[in-house]
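What follows is calculated from the coordinates using simple rules that are stated; it is not laboratory data. Only a predicted model underlies this, so the values are computations on that prediction, with no experimental measurement involved. Cβ atoms come from the backbone with ideal geometry, glycine included; neighbour counts cover every protein chain shown.
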Amino acid sequence: MPRQSITFTEPNDEWLKAQVDSKEYSSKSDVINDLIRQARSRKSELEAIREALIKGENSGISELTPEDIVTQVLERKPKNGEL
């Protein structure tokens, strides 16, 4: 893995130390890598949402009533109870 040298503000450094002291992470590097993974995951989720919104906007105006839409969503509802 490539090594990097970075500088933190005092409050951020204290927060990083607290994360390691809490035993949730073994090092500051673990904290930073986890934060980067989370940011990358959020970015992917946001991109998927954006694509879905664009697809919805491009599909035009629906002739369905709100009740029809609710019915269709509930019919697609998986057996585990999640939409």
Residue ranges of helices (runs of 4 or more DSSP H) in the chain with at least 1 members among the hydrophobic types (A, V, I, L, M, F, W, C) and touching an Asp or Glu at 6+ places or on another chain (Cβ under 9 Å)
10-21, 28-58
Answer from 49, 61, 32, 54 - the residue that is of a type outside the set (Ser, Thr, Tyr) and in contact (Cβ under 8 Å) with a residue 12 or more places away in the chain:
32
Mind counting the residues in region 40-63 that are surrounded by fewer than 10 Cβ atoms within 10 Å (Cβ to Cβ) and more than 21 Å from the chain's Cα centre (by Cα)?
6
